[in-house]
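Trainee: Sending over a structure as structure tokens; questions will come in a sec.
Just so you know, all these numbers are worked out from the coordinates, no wet-lab data involved. The structure presented is a predicted model; accordingly, all values stated were derived computationally and were not measured. Positions of Cβ are backbone-derived with ideal geometry, glycine not excepted, and every protein chain shown enters the neighbour counts.
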Amino acid sequence: MARGSAADSFTARLRKAVHRGRIALRKSGVDYFRGDGSDWIALVGLLLTIPAFTWGTVVMPVWVSPATLVLPIVAGGLLLRPASLLGLYAAAAAALIVESVVLGPYAEGPARVTPGTVLAVAACGLFGLLIAQFRARVGVPWRRGGTMLFDLRERIRVQSALPRLPKGWHREMSLRPAGGQSFSGDFVVAARTNGGRTLEVILTDVSGKGMDAASRALLLSGAFGGLLGSLPPHGFLPAANGYLLRQDWDEGFATSIHLVLDLDSGDYELFSAGHLPALQLHAGSGRWEEKGAEGPLLGVYDGAQFDPVKGSLRAGDVLMLFTDGLVEASGRDISEGIDRLTGEADRYVASGFEGAAWHLIEAVAKHVNDDRALLLLCREA
């Protein structure tokens with residue numbers, strides 16, 4: 001009986017040891033691919049390829065060229081830290097010396113270590129070292145850098161999502177960064193406040209475009225999301241203006257429009273900070289009306305005042321918010337761009353504005369090299 005108990009105890013300990021080993025191996029692998037672990041595994045693997053390539057060059061020089069040493073060097077530039085990379089370069093230099101001694105003078109055959117081979121390997125090594133030093137200075141390993149950018153893009157997308165509206169309302173938004181990039185200087189922050197009875201939407205256009213404005217747009221979207229709902233509507237733009245002034249950016253201004261909509265009555269207020277006017281379609285007359293509020297750009301001077309303009313959305317009415325990328329073009333007045341936008345929007349009056357935001361950008365600003373954002377709010381008939 002004791003022997004059976006001892007065997008069971010040994011089996012249990014063995015299972016626990018295997019389980020701990022598996023967990024540790026999995027954790028080390030996850031840390032490595034996230035960029036948090038050591039790079040010694042990659043270094044050992046790349047160091048083993050160098051003698052393999054050297055042997056192949058000596059045995060089959062026509063098929064395995066001396067220039068194949070650039071392969072572990074390029075891989076090392078992506079995988080290793082600068083200190084480990086120097087060790088890999090030393091091994092590659094030693095391999096070149098061995099190959100040149102064994103194969104003899106480069107003038108005696110095509111598969112020899114020529115000066116061009118040495119220069120090619122050295123150039124790849126230099127570029128790899130520069131890339132590794134840049135990653136070390138930024139502090140984001142390449143394995144984690146792409147994941148971080150993807151995560152930031154998804155956070156911006158989720159934060160820009162419009163909340164669900166009660167029955168009788170339709171909302172949609174389309175955002176198109178400049179040059180087909182994933183990041184934009186235009187962003188939207190929206191929330192339902194006052195117990196869900198009020199919809200507040202902030203559409204902001206940061207100075208610059210695309211990747212140049214993306215970092216500032218990301219910072220501002222987070223700050224504006226924290227302010228929205230925490231302040232009364234008339235206090236939002238002054239607080240946002242003070243926030244931009246405190247950043248002291250060289251190119252720190254932005255335009256913004258703040259919509260405060262009562263979802264029960266359809267009454268709204270628009271606050272503007274140097275932004276283009278909103279457009280309201282009156283279902284009764286079929287005409288578009290510009291709703292422009294007064295207010296300076298954000299981040300220009302302290303103590304700015306933002307006076308609202310009021311309106312109301314009745315059954316069948318549509319309110320359109322947009323950025324200047326849709327209506328502004330060189331050699332054309334903004335009023336002409338607005339006329340073109342409303343003309344295209346008239347096509348959806350009879351059939352409804354379902355999916356219209358994306359199609360309107362395609363129609364009026366498909367090839368514009370600027371960030372474009374369009375938001376539609378419709379009160380159903």
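Trainee: For Glu294, what residues show an amide H to amide H distance below 5 Å, using hydrogens built from the backbone and excluding near sequence neighbours?
Mentor: Ser272, Asp307
Trainee: Same structure again: Just subtract the alpha-carbon distance of Lys366 and Arg287 from 0.36 nm times their residue separation and send over the number in nm, one decimal.
Mentor: Roughly 25.9 nm would be gained on extension.
Trainee: At a Förster distance of 51 Å, what's the computed FRET efficiency of Asp346 paired with Phe134, Cβ-Cβ distance as r, to 0.05?
Mentor: 0.50
Trainee: Continuing with this model, one more query. Please name whichever of Ile202, Leu175, Val158 sits farthest to the positive end of the charge dipole of region 151-291, dipole taken about the Cα centre and charges placed at Cβ: Lys and Arg +1, Asp and Glu -1.
Mentor: Result: Val158.
Trainee: How large is ³J(HN,Hα) for each residue in region 286-302, as worked out from phi by the Karplus curve 6.51 cos²θ - 1.76 cosθ + 1.60 (θ = phi - 60°), to whole Hz, x for Gly and Pro?
Mentor: Per residue, the Karplus-derived 3J(HN,Hα) values read x, 10, 9, 10, 7, 10, x, 9, 9, x, x, 4, 6, x, 9, 8, 7 Hz.
Trainee: 7 Å from Cα along Cα→Cβ at both Phe127 and Arg314: what's the point-to-point distance in nm?
Mentor: 6.6
Trainee: A further question follows. Pull up all non-local amide H partners of Ala283: gap of 5 or more, or a different chain, and H-to-H distance under 5 Å with H placed in the peptide plane.
Mentor: Asp317, Val318
Trainee: Now a separate question. What full-extension length gain, to one decimal in nm, is calculated for Arg197 and Ile334 as 0.36 nm per residue of separation minus the Cα-Cα distance?
Mentor: Residue separation times 0.36 nm, minus the Cα-Cα distance, leaves 45.9 nm.
Trainee: Please compute the Cα-Cα pair-distance distribution of region 264-381 with 10 Å bins starting at 0, giving whole percents from short to long.
Mentor: Computed distribution, short to long bins: 13, 42, 34, 11, 1.
Trainee: Still on this structure, I have one more. Roughly what would the spin-label model give for Ala90 and Asp248, points 7 Å off Cα along C-beta, in nm?
Mentor: For Ala90 paired with Asp248, the spin-label model returns 4.5 nm.
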